[in-house]
1. Which Cα, out of F48, L106, H17, lies furthest along the positive dipole direction of the chain (beta carbon charges, K/R +1, D/E -1)?
2. What residues qualify as long-range amide H neighbours of C215, i.e. H under 5 Å apart, gap of 5 or more or another chain, H built at 1.01 Å from N?
3. Provide the FRET efficiency to the nearest 0.05 for the E119-S31 pair, computing r from the beta carbons and using R0 = 30 Å.
4. Rounded to the nearest 20 debye, what is the charge dipole size of segment 3-67 about its Cα centre when +1 sits on each Lys and Arg Cβ and -1 on each Asp and Glu Cβ?
5. Name the residue, out of L156, L43, L56, whose mean-square fluctuation peaks in a Gaussian network model built on the chain with Cα pairs under 10 Å.
6. For every other residue with a beta carbon closer than 15 angstrom to the beta carbon of R198, add +1 if it is Lys or Arg and -1 if Asp or Glu, then tell me the sum.
7. If you build the convex hull over the alpha carbons only and average its shadow over all orientations, what do you get for segment 3-67? Give it in nm² to one decimal.
8. Just rank F48, F109, fewest to most, by other beta-carbon atoms within 10 angstrom.
Amino acid sequence: MELNALRQFLVVARLQHLSRAADELRVAQPSLSRTVARLEAELGTPLFDRGGRLTLNDAGRLFREHVERALGELDAGRRAVAEATAEGAGTVRLASETFLTLTAPLAAFKRAHPAVEVELNWSPAEDMARRLRAQEVDLCVASQPIPPNGLASTQLFDEPVGVGMATSHPLARRDRVRIEELADEPFVSARPGHWQRRLLDRLFAARNRTPRIVCEVDEPSAIADLIAAGLGIGLVPGFARRTEVRVPAVWVAVDSLECRRAVTLYWVAERHLSGAARLLRHAIADWDWPGGAGRPAAGLTGSGARR
């Protein structure tokens, strides 16, 4: 099997759409179709169901897992050789749902290790376990649990998540609110899959309610500014309180033990990490997280401090 054919298969498997895969790979769709057909002929079984739309079948999912591991090992070998010949400089690849929390430790790491190249990858939590096992990334930081099979982890910090709202909001002077009081409020939220949205949906589902979302954004850092503009309220981590006031908004605690996030660092347990990856793992794990030295997502302050 040719490596290029295997890499093309992974793109088709991920997108489950030939024309979009061909566009991403910048190849002609008929050529890509022939590549997939040759793989299926060599394996002696279809990898996709083609009834209406292209769908990866059980054999395809099984084959994808092995291809990801095989190509991951080859990439790891190349990086190991590069690290050895570069006398320990190397590259480390970090995935996270948000890098706002990690700004300060990453900056300190680059000052201490300027020769190490740090590649940052945004990733939803549901993709992280697969990307780690496929060696697409070395480390992941998630604000929600990910499947632990074969992974090692260390919790960085656990914190309350509150509600951000404009200073003019009727609840802005409260110290604490209940989820039930927010049932009819308009919410500004990240898109489905982001930890903030999953937490919001989970809190409301536990009360047989659905949040009224009036604005979904791809850029979570913009949420506080939209809240301050009065477009709605939104869940904001406690981390956002530890900064100077930059926008006219406040942070109000939520009266629920479930309204928290645990930020955790993950890596593959039984796999050799490069020297660069080990250095970054220690830098992130050993950071003074309770002090909140990283730059928070927005300029929100507690309502008591504002008064």
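1. L106
2. Answer set, sorted by chain and number: F187, S189.
3. Using R0 = 30 Å, I get an efficiency of 0.50.
4. Result for segment 3-67 is approximately 180 debye, rounded to the nearest 20.
5. Ranking L156, L43, L56 by mean-square fluctuation puts L43 first.
6. -1
7. 4.0 nm²
8. F48, F109
No lab work stands behind these numbers, since they all come straight from the coordinates. None of the values given here were measured: they were computed from a predicted structure. So basically every Cβ, Gly included, is an ideal-geometry build from the backbone, and we count neighbours across all protein chains shown.
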